[in-house]
Structure formats: structure tokens, C-alpha cells
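Just so it is clear, none of the values below were taken in a lab; they were calculated from the coordinates. Because the structure is a prediction, the values reported are computed rather than measured. Using ideal geometry, Cβ is built from the backbone for each residue, glycine included, and neighbour counts are taken over all protein chains shown.
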Ligand code: MLC
Ligand code: AMP
């Protein structure tokens, strides 16, 4: 009987020479394919040896992970897949209130955190009923590896079906409460297998990995891509434009959010000669400005391939790597668009009344396919709201599809700011601001920013007689929330603009502050 555990498919793609290098780090370490296999087996055996009471929901145990980027963190991901556990990655910037919510909501059997954060993370985890808290640092120290060192390096992946849960990715909700998108082995595997072909992965490809590994982009799209192709990764612990440019002659594939491309374009070392060995530059997670797309082509001779995805769906659309027969031989990578629905993905654009719109008309983007998640963790009502009666997922993105099939995203119906590829939900931050002494109400809007694409700006209304300091409000927020969520500026105003229904007119605020960081 076959095993649909995603790890089994990844393992089957390892090259025959297990002693060749799989990952080379910017810290000078090299990991062979055998190392990946053995170390992930040891972690899987450790997880499977733990005393974990059976979950009343019948769902396999969750392992929540908030650690700095390291190859060992990838080994933990692979080990969790092998063990049949559900992997739950968390942004390293999250602070205690955010972590408290995630562990309380997901009830992980195992939590892995950095040694530095162990005192407060373990306290929150134990309070939430977690029995096992391990540490893992980016210098290969910590109790996880110490314990795993005593386990066998041979392991048979737990038997899993395509619909079995493999990962939960939290994406913040419009009401402020984060929702856990449940991704199955089948969701992840089908998307990875399709992308291997669509993006023309070749023998000898080498991927530069410079993204965080707690989101779809860095964890799934990049890592699955490389592993499924048996490709070496050049591992960057943190994105540094100079270091990535220096590695281009040794690599063939790079994946980044638009901010990474903008920062590399600021470096004189980025030239056609330096990029000559590269095969493919892929961008996604946030809109790529047409200027960035054009500048990149001029500077490097390469046309960036832009694609579009979400935590709930992994990859949905992509510009073509090679001429796409379905759309005519001429189909090219077109800047400002996110390309065609990927093979197997059905995409339609609907108006608010639920009518499908013809080519060229703007509406809500809805999708269906083997990559689309099963629903939000323990939120059946929320899940039902986000799916149509005929099974399409409402992405919350607004766009159009032209007569050729190219999809263009023009906006979002969800109140969301995408800053440097991270999602920031205004409702969450407004909630924190509104709870602060002296604050009557607040509104957070996104405005254009040359580096992050978009950043949050806070507009705060004081209670009568209260004296508020914008800097103090931002400092108070910083004490509570992940750094990237902190508005870059704060203004105290007399009132918020409202329409006749009393709804805050965020478009007017966006207009008021749109030239704060970029010239008008
Ligand atoms: C850091 N800061 C940010 C920020 N990143 N603020 C807004 N938006 C961001 N994205 C804060 C820092 O905390 C710091 O605050 C200040 O801004 C300057 O930081 P920096 O040193 O310039 O940031 P850096 O550490 O270099 O990080 C920037 C970055 C990083 C672009 C490298 O944000 C990043 O890796 N982004 C990629 C996100 C990603 O992988 N998204 C994929 C999601 S998956 P202070 O106060 O300390 O000065 C998805 C689906 C799909 O969306 O389709 O792929
Ligand atoms: P996340 O919830 O972090 O997975 O973010 C998903 C959101 O990122 C999508 O719903 C889009 O709004 C946005 N996104 C991803 N890729 C692109 C892209 N290429 N262009 C514009 N927006 C994008």
C-alpha cells in the first residue's frame, strides 16, 4: 500500500549519491542528503517516542515551532512530517500575547522555541496543556537535538493519506482573531509536484534560500521545490542583498518577496555578468511594482516570474516559465500580472451578487483545486463563510482575468496591509490601540513605501481631555506586538472621516497619507 506522507515523496527525490551536498550555509556548514535523512529520522523518532495523550479530536499531535532560521529547523519540519505530526510554524517576531493565542488555540502537544525565549514560551505552553517543550537555537544547540541524539537514525514515515493534516499556518483574521489554515499532505504534495514541472526545475539547479521559513513562501514553495528536485540549497540565515548577489554565480534559482528585489537593485554589484548563471528569478507574496520588474530586466537581463499564492492555497497562479501551450505559444511573463491559473487550479472572478464576470471585469477572485485547504482550525463557521456553495474559496483578493487568461490583482476586499511580504491586519492593531488609556478610537491604513511596498500608518483619536503622544503609543504597541506590525507613523487627529452609515472612510485616510514615504 502506498504512503501519501509528503516526506515519502520528498525522500524519494533525494539524489542517488546521498553523500553529495544538499545544503550549504552562509555559516560555512555543509549538510549531505544523508545528513537530512538521518537527522530528520532521529527527530521523528524522538517525537514518536513522547508520551502524548490521544487528542479527543482524533487529529494527530501538533508541534508548534518558534525558532530562528536554521537548517535544523528544516530538519524539525521534515521530522514532524515523518512522524505524522502536524507542523505549526510561528513567526519569530511574535511576542507573548500572540504566542499565548496560538498555543491556546492549537493546543500543541509539543512546542519548540529558542533557549532565550524558553522561560516565557514554556510557561504559556504548560498553561495551555502542552507537555513537551524543547529548545532549538540557530547554533545547533538546545534540548531538541540533545534528546534526538539518543534516537535511531532509521525511521519509516508514518502512514498518511492525501487528506490528512500536515501543517497549520496561522493567518490573521479581519476581525483580529488569527485563523489556522489547515493544509493536508495532498495540498502540499500536489502543489509541489505541479510547480516542479511548471517552473521547469532541472538537474543541476541550485536554489538560493534567503526567506524566512515560517510562511508558505520560504517553507513550502522554496524548500519543497529544491528537495523534490534533489537540488542543492545555498542557505542564507538572514536576507542580505550583498550576500545573495555574491552567490548568484553559484546558483540558478532565486525566490523572493518584492522588497528583496528592491534591496538588491540598490546594490551596484547587481549586474548582467553577476546574474549570468541564473535560470529563474521568482517573486511573490506581495505586488511587484512594474518599475521593479523593468529595472530588474535592464540590470540583470532576466525577466522576473511573478506568481500569486496564499497560506490557505499555496500557489494559485503563475506567469509562464516557458511558453504555455494552453494560452498560445507567445505567452510570456507579463509584468503587473500574476500570470495564469496553475494547472489543476480553477479560478473565477465574481461580483458581490455571486455572478461570474467576463474577461476584463473586476471582482472577487475565487479558487478551487487540490491545493486549496480544507478549512480553518476549529472554526467551522468561518470556514463556511469563506467558501461558496459550489466549493470555491473566496481569496479576499480583487482582480480581473483578461481574454488571454492573465490574472491581475488590483486590490483586496479584506482589510489587510502587506508590508515587505508580511500580512498586517489593521483590526488587530486597532484593537490594541483602542485598549490603551486615553484612546477613543483609531484606524490603521496602508500607504505606499519604497522599501516595504506598503506600511501601516496609525490615526488615533484621543478621549476628551487625554494628552496622547504618538511616540509613546508606538512604543507601547512595540512592547506587545511583532515588530513588523508596528505602524511606521502615528498621527493624533480630532476625528475619523465617516460616511453616512458611520463607517470609517479608510480610503480618505489612505489618500491623506499616501505621500508620507514616496513623492506624490
Ligand atoms: C522588518 N520590519 C518590517 C518588516 N520587516 N516592517 C514592516 N514590514 C516588514 N516586512 C521592521 C523591523 O522590525 C525593523 O523595526 C524595521 O522594520 C527595519 O527592519 P529591517 O532591518 O529593514 O528588516 P529586515 O530584518 O531586513 O527584514 C526585512 C525583510 C523581511 C524584507 C527581509 O521582512 C522578510 O524577510 N520578509 C519576507 C516575508 C515573507 O517571507 N513573506 C512570505 C509570506 S507567504 P525596528 O523597529 O526594529 O527598527 C505569502 C504567500 C505567498 O504571502 O504568496 O507567498
Ligand atoms: P498570506 O496570507 O500571508 O499567505 O498572504 C496571501 C496574500 O498575499 C494574498 O491573498 C494576496 O493578497 C497577497 N499576494 C501573494 N502574492 C501576490 C502577488 N504576486 N501580487 C499581489 N499580491 C500577492
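What the table shows:
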{"item": "Total residues in the stretch 294-310, condition away from ligand 2 (no atom under 11 Å from the Cβ), outside any helix (DSSP H, G or I) and touching a helix residue (DSSP H, G or I) at 6+ places or on another chain (Cβ under 9 Å)", "result": "2"}
{"item": "Within the stretch 55-67, tally of residues that are within 17 Å of residue 160 (Cβ to Cβ) and loosely packed, with under 14 Cβ neighbours inside 10 Å", "result": "3"}
{"item": "Any strands (runs of 3 or more DSSP E) falling wholly within the stretch 130-216 and containing at least 1 residues that are within 30 Å of residue 241 (Cβ to Cβ) and in contact with a strand residue (DSSP E or B) (Cβ under 9 Å, 6 or more places away or on another chain)", "result": "165-171, 206-209"}
{"item": "Complete set of residues in the stretch 428-438 that are touching a strand residue (DSSP E or B) at 6+ places or on another chain (Cβ under 8 Å) and within 17 Å of residue 94 (Cβ to Cβ)", "result": "429"}
{"item": "Some residue of the stretch 265-275 being within 11 Å of ligand 1 (Cβ to nearest atom) and over 15 Å from the mean Cα position of the chain (by Cα)", "result": "no"}
{"item": "Residue within the stretch 294-301 that is under 28 Å from the mean Cα position of the chain (by Cα), surrounded by fewer than 21 Cβ atoms within 10 Å (Cβ to Cβ) and closer than 14 Å to residue 408 by Cα present", "result": "no"}
{"item": "Residues located in the stretch 473-513, provided they are surrounded by 14 or more Cβ atoms within 10 Å (Cβ to Cβ) and in contact (Cβ under 8 Å) with a residue 60 or more places away in the chain", "result": "480, 481, 482, 484, 485, 504, 506, 509, 510, 513"}
{"item": "Residue list for the stretch 139-163, filter: buried (at least 18 other Cβ atoms within 10 Å of the Cβ) and within 25 Å of the chain's Cα centre (by Cα)", "result": "144, 160"}
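Yes/no per residue for (1) free of Cβ contacts under 8 Å to residues at least 12 places away in the same chain; (2) surrounded by fewer than 18 Cβ atoms within 10 Å (Cβ to Cβ); (3) within 15 Å of residue 356 (Cα to Cα); (4) away from ligand 2 (no atom under 11 Å from the Cβ):
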residue	(1), (2), (3), (4)
385	yes, yes, no, yes
394	no, yes, yes, no
399	no, no, yes, no
402	no, yes, yes, yes
405	no, no, yes, yes
422	no, no, no, no
427	no, yes, no, yes
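Conditions (1) assigned to a strand (DSSP E or B); (2) surrounded by fewer than 16 Cβ atoms within 10 Å (Cβ to Cβ); (3) within 16 Å of ligand 2 (Cβ to nearest atom), marked per residue:
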| site | (1), (2), (3) |
| --- | --- |
| 238 | no, yes, no |
| 270 | no, no, no |
| 275 | no, no, no |
| 285 | no, no, yes |
| 292 | no, no, yes |
| 321 | no, no, yes |
